[in-house]
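Have a look at the structure below before the remarks.
The values are calculated or read from the model by the stated rules, or taken from the named source; none is laboratory data. What you see is a predicted model; the values in this text were computed from it and never measured. Using ideal geometry, Cβ is built from the backbone for each residue, glycine included, and neighbour counts are taken over all protein chains shown. The accessibility values were calculated without ligands, DNA or RNA, using every heavy atom of the protein model including side chains. Shrake-Rupley method; radii C 1.70, N 1.55, O 1.52, S 1.80 Å.
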Amino acid sequence: MPLLSTTGRRVPFALAALALTTVLTACGDSDQPPTTPTSSPSEVTVPVTAATVEVLDAGSEPREVLRMNLPVGTTQTATLVTQAVVSQQIDQQPAQDFSSPEITIPLSANVTADDPTAVVDLTLSSMTSPDATLQAALSGADGSAAGLSVTDSGAITALRLKPSANSANAARAAIEQALGQAVYRTVALPDAPVGVGAGWVVRQQVSSEILLDQTTTVTLTAREGNRLSLAVDVSQTPQSPVWNLAGDAGTLNIDQYVMAGSGNLTVDLSLPLPIDGQMTVGGDQAYGDPDSSSVIRQTISNSIRWES
């Protein structure tokens, strides 16, 4: 999603609430007819902010530098399942549901370049959702493509999106949200030698409607050859106590921001996608009108699951 414009202009709280609602629904417009195709399905490349890695504990012997090995021709099939649950309340008004339904995306991965960064082409097919409206939208999205640029540390530096010619807008948005969530739940590996029991911290800026600093704490719980079992804890904090709303719509004070969670991942150093794992990140947020006592409250839970 685009970064917000900066402005000091303040507007009535009702407009600020409308802007926030627009943000919550931007990743999936329920008013869009599910069978309407996008007008020009061109490929879009989304840069991913760089991650830094700090080792906290090198773990037990034997230790070695962990590196991905993804030569051209490497293939893999995996399934990605995501869901976003969002509840929003303005003052004492009834809470509203802005959730994104669960989506299951089977992925076929193929490494097409590997010098110096691996280029991973993804084909999406037979996508499903328990939500009837989204399922109808997904019917024309088979054959959509995506891609990842992956360094030898496992860090993703770019996400490519190319919807099929018959992709409905709702399907395109749901796929973009799911893959974006997956990208920022990946784990970069340290440059230093580590063994079982090792712990490291990955720091990364998340470019959403609010600029966030994300901290991911990783523990290597087990290793069998190329297969790594990782315990993961994630937390996010806003870079500023003020939210500059998009479209020069004004500002909101960030009175509360909790977004944290945990899970586990199993990765194979010879495959581009996780082979197993699940993670849930969520929390409560509150945004206040700087000119009144009105408050927008949100409760969010984002979940992701990998299957092979």
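Give the value in nm², to one decimal: projected area of the alpha carbon convex hull of region 151-243, averaged over all directions. Write out the running numbers ahead of the final one.
Working: hull surface 33.0 nm².
If I average the Cα hull's projected area over directions, I get 8.2 nm².
A Cβ-based charge dipole, computed about the Cα centre of region 126-186 with Lys and Arg at +1 and Asp and Glu at -1, lands at about 100 debye. When you restrict to C-alpha pairs under 8 Å that are six or more residues apart and normalise by the size of the chain, the relative contact order lands at 25 percent. With a 1.4 Å probe and every protein chain kept in, tell me what percent of the accessible surface of the chain is carbon plus sulfur. Here it works out to 51 percent.
Report summary: the helix-based calculation at 222 nm, which adds -39500 (n - 2.57) for every DSSP H run with n ≥ 4 and divides by the residues of the chain, gives -3500 deg cm²/dmol.
Dipole of the chain computed with +1 at Lys/Arg Cβ and -1 at Asp/Glu Cβ about the Cα centre; of Ser144, Val267, Ala109, farthest Cα towards the positive end is Ser144. Within the set [x] 25, 24, 20; [y] 33, 25, 16; [z] 30, 22, 20, the number that semi-axes √(5λ) of the Cα gyration tensor in Å takes when calculated for this structure is listed as [y].
In vacuum, with every alpha carbon of region 106-178 counted as one equal point scatterer, what does the Debye formula give for log10 I(q)/I(0) at q = 0.20 Å⁻¹? Two decimals, please. Evaluating at q = 0.20 Å⁻¹ gives log10 I(q)/I(0) of -0.80.
Here the dipole of region 212-308 is about 300 debye; that uses its Cα centre as origin and unit charges on the Cβ of Lys and Arg (positive) and Asp and Glu (negative).
Given Cβ point charges of +1 (Lys, Arg) and -1 (Asp, Glu) and nothing else, what value in debye, to the nearest 20, does the dipole of the chain about its Cα centre take?
In debye, rounded to 20, the chain gives about 160.
Overall dimensions of region 176-308, expressed as equivalent-ellipsoid semi-axes from the Cα gyration tensor (√(5λ), whole Å, largest first), are 34, 14, 13.
Ranking Ser164, Val120, Val46 by how far each Cα lies toward the positive end of the dipole of region 31-166 (charges on Cβ) leaves Ser164 at the top. Apply 1/(1 + (r/R0)^6) to the Cβ-Cβ distance of Asp191 and Ser292, taking R0 = 41 Å, and write down the FRET efficiency to the nearest 0.05. The pair Asp191/Ser292 has a calculated efficiency of 0.25. Accessible surface for region 62-110, divided over its residues, is 50 Å² per residue with a 1.4 Å probe.
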